[in-house]
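Down below is the structure, laid out as structure tokens.
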Amino acid sequence: MTDFFSDDPLLQVNGVTRYYGDRIGCRNVSFQLWPGEVLAIVGESGSGKTTLLNCLSTRLAPTAGAIEYRMRDGAMRNLYQLGEAERRLLMRTDWGFVHQNAADGLRMTVSAGANVGERLMAVGDRHYGHIRETATDWLGRVEIEADRIDDDPRSFSGGMRQRLQIARNLVTHPRLVFMDEPTGGLDVSVQARLLDLLRRLVADLGLSVVIVTHDLAVARLLSHRIMVMRHGEVIETGLTDQVLDDPREPYTQLLVSSILQV
Amino acid sequence: MPVRLYLSHVGKSFTMHLQGGTTIPVVSGVDFSVGEGECVVLGGPSGAGKSSILKMIYGNYRCDQGQILVTVGDEIVNVADSEPRKILQLRKDVIGYVSQFLRVIPRVPAVEVVAEPLILQGADEGKALARARDLLTRLNVPERLWGLPPATFSGGEQQRVNIARGFIAHYPLLLLDEPTASLDAANRAVVVELVAEKKQDGVAMVGILHDQDVRDRISDRIVDVTAFRAEAA
């Protein structure tokens with residue numbers, strides 16, 4: 001937690017804009033993300049939140065704007081000026097990306113253990129015993145029984161696949177993890193388990209997270225800060241409970257008042 | 001008595017965009033201070049804005065006008081214009097909030113819910129859990145419940161878990177949002193004791209307490225919020 005209050009941001013985003021032809025994906029988005037901070041991007045479908053997430057994670061080049069990231073050596077680097085090899089290394093080691101559909105983030109035809117071990121090999125681990133031991137440990141941390149290590153994810157339930165995807169991402173101890181609707185499409189009881197697991201892992205590992213969600217309950221449970229997007233622009237931002245309990249913009253008030261109470 | 005909290009010309013209104021942009025004035029010109037070891041109770045009828053004032057001090061509601069100054073060591077921080085990160089830091093170490101409603105987190109056992117604020121302040125986990133068990137005992141939460149997540153507890157049990165969580169850590173400024181509402185006499189007496197102990201430790205407190213008996217026993221001063229009524233524009 002101590003890093004969280006340091007003065008050096010991990011990610012510095014300035015004026016990020018992405019057009020699709022003459023249609024706006026996202027426009028003029030600026031913010032800073034600090035070590036250990038969880039930022040939720042909320043908004044309805046088509047508001048530009050996934051476009052922004054893809055720009056941040058170098059999966060989609062912005063039309064304009066700059067994104068700088070603090071490398072492990074402390075230097076701020078412009079992500080779109082990194083060489084291809086540097087960028088790939090960053091994505092495989094220092095970053096994680098949790099997709100809504102686990103099949104997009106896993107290799108479905110290799111075993112659970114290999115899914116986790118693959119990222120370790122990418123950072124140079126060649127010792128089979130060590131890789132298997134670490135993979136077993138991580139399966140345990142995401143509550144997958146050790147005897148499933150040789151099964152492939154096609155035989156896993158949706159919730160298990162999502163937990164496996166999380167283990168695969170976290171095994172290299174990334175500092176920044178992007179999540180795109182990580183609980184979308186799961187049963188509520190499965191969601192609750194996954195959320196609790198994410199909450200604990202994020203706190204224990206001191207991860208910085210940018211999470212896209214349309215579920216305000218997910219944002220409340222996991223995030224420190226919220227950005228509300230509409231029509232490609234950030235319309236309101238602030239401390240999570242402040243934005244949810246005292247929303248200022250008409251659209252945010254509509255979002256908050258649309259939550260079903262149980 | 002050194003001042004711990006000072007509200008200067010604080011004002012707040014809500015603009016309800018879903019109701020045609022109606023502005024609802026809540027309070028204006030709120031001005032009072034609280035010293036170390038002092039418990040100030042906000043007085044006035046429901047709807048006078050007591051809860052909004054408490055929520056602004058905690059940074060949960062935005063403060064439209066004025067300053068909310070908190071003394072932190074030899075620094076003075078204005079909550080009203082602090083960055084989210086700063087407010088989170090204040091909530092970890094400086095400002096505590098005791099309410100009657102527990103926000104339940106799935107799967108976390110009651111004893112860990114209670115111990116968490118102390119662990120976040122850097123306390124040893126074993127000691128924090130021991131202190132949590134001690135508080136749960138004092139607040140008459142049955143031991144068989146300690147290891148269970150509070151989601152399935154009764155309203156009264158959840159409330160007492162939340163009170164234990166609110167009182168476990170040392171915060172120089174503690175906000176009490178009707179902590180004794182619907183508690184029985186024995187547990188009300190425990191809360192009165194806990195507040196007395198906080199005063200001994202020099203904690204400044206601001207409270208909303210509808211229970212006349214508890215209010216008489218813990219308040220050093222009453223600030224009448226109706227004096228800060230905002231007029232509709």
**Request:** Take every DSSP beta bridge with both residues inside chain A and express the antiparallel ones as a percent of the total, to the nearest 5.
**Result:** 55
**Request:** With springs connecting C-alpha atoms under 10 Å apart, model chain A as a Gaussian network and identify which of A:THR213, A:THR183, A:THR109 has the largest mean-square fluctuation.
**Result:** A:THR109
**Asked** Given springs between every Cα pair under 10 Å in a Gaussian network model of chain A, which of A:ASP204, A:ASP152, A:ASP22 has the largest fluctuation?
**Response** A:ASP22
**Asked** Can you give the calculated 222 nm mean residue ellipticity of the protein assembly as shown, where each DSSP H run of n ≥ 4 adds -39,500 (n - 2.57) and the sum is split over every residue, rounded to the nearest 500 deg cm²/dmol?
**Response** -11000 deg cm²/dmol
**Prompt:** Efficiency by 1/(1 + (r/R0)^6): what FRET value for B:ASP124 and A:ALA85, r their Cβ-Cβ distance, R0 = 35 Å, to the nearest 0.05?
**Reply:** 0.20
**Prompt:** Mind listing the phi-derived Karplus ³J(HN,Hα) values for the range A:196-203, rounded to whole Hz, using 6.51, -1.76 and 1.60 with θ = phi - 60°, and x for any glycine or proline?
**Reply:** 5, 4, 4, 4, 5, 5, 4, 5
**Asked** In debye, nearest 20: dipole of the protein assembly as shown around its Cα centre with unit charges on the Cβ of K, R (+) and D, E (-)?
**Response** 780
**Message:** Need one number: nm distance between label points at A:GLU44 and B:GLN65, each 7 Å from Cα along Cα→Cβ, rounded to one decimal.
**Reply:** 3.5
**Asked** Suppose every K and R has +1 on its Cβ and every D and E has -1 on its Cβ; what is the size of the dipole of the range B:77-233 about the Cα centre, in Debye to the nearest 20?
**Response** 300
**Request:** With unit charges on the beta carbon (Lys/Arg positive, Asp/Glu negative), name the residue among B:ILE95, B:GLY37, B:VAL214 whose Cα is farthest towards the positive pole of the charge dipole of the protein assembly as shown.
**Result:** B:ILE95
**Item:** Assigned charges on the beta-carbon of Lys, Arg, Asp, Glu; the range B:24-88 dipole about Cα centre (debye)
**Value:** 360
**Asked** Taking chain A as a Gaussian network, Cα atoms linked when under 10 Å apart, which of A:SER155, A:SER30, A:SER47 shows the biggest mean-square fluctuation?
**Response** A:SER155
**Message:** Please report the equivalent ellipsoid semi-axes of chain B, computed as sqrt(5 x eigenvalue) of the Cα gyration tensor, largest first, in whole Å.
**Reply:** 30, 19, 19
**Prompt:** Structure shown: which of B:LYS86/B:LYS198; B:LYS12/B:LYS50; B:LYS12/B:LYS198; B:LYS55/B:LYS86; B:LYS12/B:LYS86 lie over 19 Å apart, alpha-carbon to alpha-carbon?
**Reply:** B:LYS86/B:LYS198; B:LYS12/B:LYS198; B:LYS12/B:LYS86
**Fill in**
Longest principal axis of chain B (C-alpha) makes with the long axis of helix B:125-138 (C-alpha) an angle, in degrees to the nearest 10, of 80
**Prompt:** From the phi of every residue in the range A:185-193, what ³J(HN,Hα) in whole Hz does the Karplus formula 6.51 cos²θ - 1.76 cosθ + 1.60 yield, where θ is phi - 60° and glycine or proline is x?
**Reply:** x, 9, 4, 4, 5, 5, 4, 4, 5
**Fill in**
Given Cβ charges of +1 for Lys and Arg and -1 for Asp and Glu, the option among B:GLY66, B:LEU18, B:VAL3 whose Cα lies farthest towards the positive end of the dipole of chain B is B:LEU18
**Fill in**
By accessible area (1.4 Å), largest first, B:MET16, A:MET229 order as B:MET16, A:MET229
**Item:** Two-decimal log10 I(q)/I(0) for the range A:104-173, as the Debye equation yields it once each C-alpha is a single scatterer, q = 0.12, 0.24 Å⁻¹
**Value:** -0.24, -1.02
**Request:** Give the residue from B:ALA230, A:ALA217, A:GLY159 lying farthest towards the positive end of the charge dipole for the protein assembly as shown; charges sit on Cβ (+1 for Lys and Arg, -1 for Asp and Glu) and the dipole is referred to the Cα centre.
**Result:** A:GLY159
**Prompt:** Between A:ALA103 and A:VAL188, how many nm apart are label points set 7 Å from Cα along the C-beta direction?
**Reply:** 2.7
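The values are calculated or read from the model by the stated rules, or taken from the named source; none is laboratory data. Please read all numbers here as calculations on a predicted model, not as lab measurements. Cβ sites come from the backbone with ideal geometry, for glycine too, and all protein chains shown count toward neighbours. For accessibility, only protein heavy atoms count, side chains too; no ligands or nucleic acids. Shrake-Rupley method; radii C 1.70, N 1.55, O 1.52, S 1.80 Å.
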